[in-house]
Amino acid sequence: MTEDLQKIAAKLKQKNRILIITHQNPDGDTLGSGMGLYYALRKLGKRANVICSDPFPKKFSYLFQEFEEDEFEPDCIVTVDIASPQLLGTYLEHFQDQIDICIDHHRSNTMEADAVYIDSKAAATCEIIYQLVLELGAEISPLMANCLYTGISTDTGCFKFSNTTAETHRIAAELFERGCAYEQINRGLFDTKSKSRIVVEKEVLETMEFYCEHRVAMIVITQEMIRNSQIDTADLDGVAAIPRQIEGVEVGVTMRERLEGGYKVSLRTCQFVDAAAVCAKLGGGGHIRAAGCVVDGPLEQAKKALLDVIVPCFEQ
Ligand SMILES: [Mn+2]
């Protein structure tokens, strides 16, 4: 495994204009990975750029402190934390066949690239990027430590999810020693909510429904709620955690209405339902305790499609 990463590091060292692509609806892991790698490459004297088909969310602006956008014809294109081509968003058509290196931790990865490096044991792509940066021989600055720590902290729910490993903590400890601002980062990401977020949460709770003797809880976020509250959609991160927080709930379902129609579904499970397997039946994927898919509307039809695959999980 390390050997492959060495090859990727060797490949990157030979390149000079590296374009890093992060996934649509960017989260802390894709941005932390992208920016961590960006700063490492810049330290090695290379030109680099980080792009995303959606705007970079404000709450992650501290990752971009020393980012200088650069436009060039890339000699190497890297995707970070992108599990499937669809997550390239509007870049899909332009970049799909041009990816040189794919670095990810999703077991269900379906990307095509010259070099694909997947470590599904890594809690976050940032864990892999940490190893890669060491291979590249770039010194880890406090800003880089902040980037890598952000991805690890967000993808592990602040070191609480089952994907958290001893290695996760070892890497986090290394990042502590490089000066990462863990207190501010975690307070900003986990203990701070905007007013509009609270307004949306209040409305979302009104939509909650239970199925399978209260072992399945479902909430809906509509475009109307998003419009009325004027919430920055990145601010909706973590709403999907709400249904699973309820005592006795095994499957938490969050349905978010999409602008283009249909619903983006986030599934969170507690103990025995394989979220990735359920979502795979609807064309999606992800991890065993957290996965996603898209279902067509209208709402009642979307709910039915979901329940048709969820309910059988409770009938064995
Ligand atoms: Mn990730």
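The values are calculated or read from the model by the stated rules, or taken from the named source; none is laboratory data. Predicted, not measured: the structure shown is a model, and the values here were computed from it. Reconstructed Cβ throughout: ideal geometry from the backbone, glycine too, with neighbour counts over all protein chains shown. The accessibility values were calculated without ligands, DNA or RNA, using every heavy atom of the protein model including side chains. Shrake-Rupley method; radii C 1.70, N 1.55, O 1.52, S 1.80 Å.
Computed over the Cα atoms of the stretch 86-130, what is the convex hull's projected area averaged over all directions, in nm²?
On the way: hull surface 13.1 nm².
Averaged projected hull area, Cα only: 3.3 nm².
Between beta-carbons, use under 12 Å as the cut-off and find the net charge around residue 18, counting Lys and Arg +1, Asp and Glu -1.
On the way: positive: 11, 13, 15, 17, 42, 46, 47; negative: 70, 73, 75, 100.
Neighbourhood net charge equals +3.
Long-range amide H contacts for residue 102: which residues qualify at under 5 Å (H placed 1.01 Å from N, peptide plane, sequence gap of 5 or more or a different chain)?
79, 115, 116, 117
Please give the helix 142-155 orientation as an angle from the longest Cα principal axis of the chain, in degrees from 0 to 90, rounded to the nearest 10.
Its long axis makes an angle of about 30 degrees.
Have a look at the DSSP beta bridges in the chain and tell me what percent are antiparallel, nearest 5. Walk me through the numbers before you get to the answer.
On the way: 18 of 40 bridges.
The antiparallel fraction comes to roughly 45 percent.
What's the ranking of 72-80, 253-261, 208-216 by average number of surrounding C-beta atoms within 10 Å, highest first? Don't skip to the end; give the middle numbers.
Numbers: 72-80: 20.2, 253-261: 17.3, 208-216: 14.8.
Packing order, densest peptide first, comes out as 72-80, 253-261, 208-216.
Between the stretch 1-66 and the stretch 272-312, what is the separation of their alpha carbon centroids in Å?
31
From the gyration tensor of the Cα coordinates in the chain, what semi-axes in whole Å does the equivalent ellipsoid have, largest first, with each one equal to sqrt(5λ)? Please report the intermediate quantities before stating the final value.
Values: eigenvalues 221, 82, 75 Å².
Taking √(5λ) for each Cα gyration eigenvalue gives 33, 20, 19 Å.
First obtain the Kirkwood hydrodynamic radius of the stretch 1-160 from its Cα pairs, then insert it into the Stokes-Einstein equation at 20 °C and 1.002 mPa s, and state the resulting D in µm² per second as a whole number.
Values: Rh = 15.2 Å.
Estimated diffusion coefficient is 141 µm²/s.
Could you check how much of the accessible area of the stretch 11-65 is carbon and sulfur, as a whole percent, using a 1.4 Å probe?
Details: 900 of 2050 Å².
Roughly 44 percent, rounded to a whole number.
Among the lysines, which fall within straight-line cross-link reach of residue 43, defined as a Cα-Cα distance under 16 Å, with same-chain neighbours fewer than 8 residues apart omitted?
13, 15
By a straight-distance test (C-alpha under 17 Å), which aspartates and glutamates pair with residue 46 as possible cross-link partners, with residues fewer than eight away in the same chain excluded?
Qualifying aspartates and glutamates at Cα under 17 Å: 66, 68, 69, 70, 71, 73, 75, 100, 135, 139.
Rolling a 1.4 Å sphere over the protein heavy atoms, what is the accessible area per residue of the stretch 174-296, to the nearest Å²?
Values: 6480 Å² over 123 residues.
Per-residue value: 53 Å².
Quick check on the chain: helices-only [θ] at 222 nm, where DSSP H runs of length 4 and up contribute -39,500 (n - 2.57) each and the sum goes over total residues. Nearest 500, please.
Details: 11 runs with 116 residues, N = 316.
So the helix-based figure for the chain works out to -11000 deg cm²/dmol.
Express the carbon and sulfur contribution to the solvent-accessible surface of the stretch 200-316 as a percent, rounded to the nearest whole number, probe 1.4 angstrom.
Working: 2870 of 5860 Å².
That share works out to 49 percent.
List the equivalent ellipsoid semi-axes of the stretch 128-243 in whole Å, largest first, each obtained as the square root of 5λ for an eigenvalue λ of the Cα gyration tensor. Spell out each step's value before the answer.
Details: eigenvalues 236, 62, 24 Å².
Each semi-axis is the square root of five times an eigenvalue, giving 34, 18, 11 Å.
What lysines could a cross-link reach from residue 58, if we take a straight Cα to Cα line under 16 Å and drop same-chain neighbours fewer than 8 places away?
Within the straight-line cut-off, residue 58 pairs with 193, 195.
Length gain on complete extension for the stretch residue 271 to residue 247, per 0.36 nm per residue less the alpha carbon to alpha carbon distance?
Contour length minus Cα-Cα distance gives 7.4 nm.
Say the dipole of the chain comes from +1 at the beta carbon of Lys and Arg and -1 at that of Asp and Glu; which of 10, 245, 273 then lies farthest toward its positive end?
The residue sitting farthest along the positive end of the dipole is 245.
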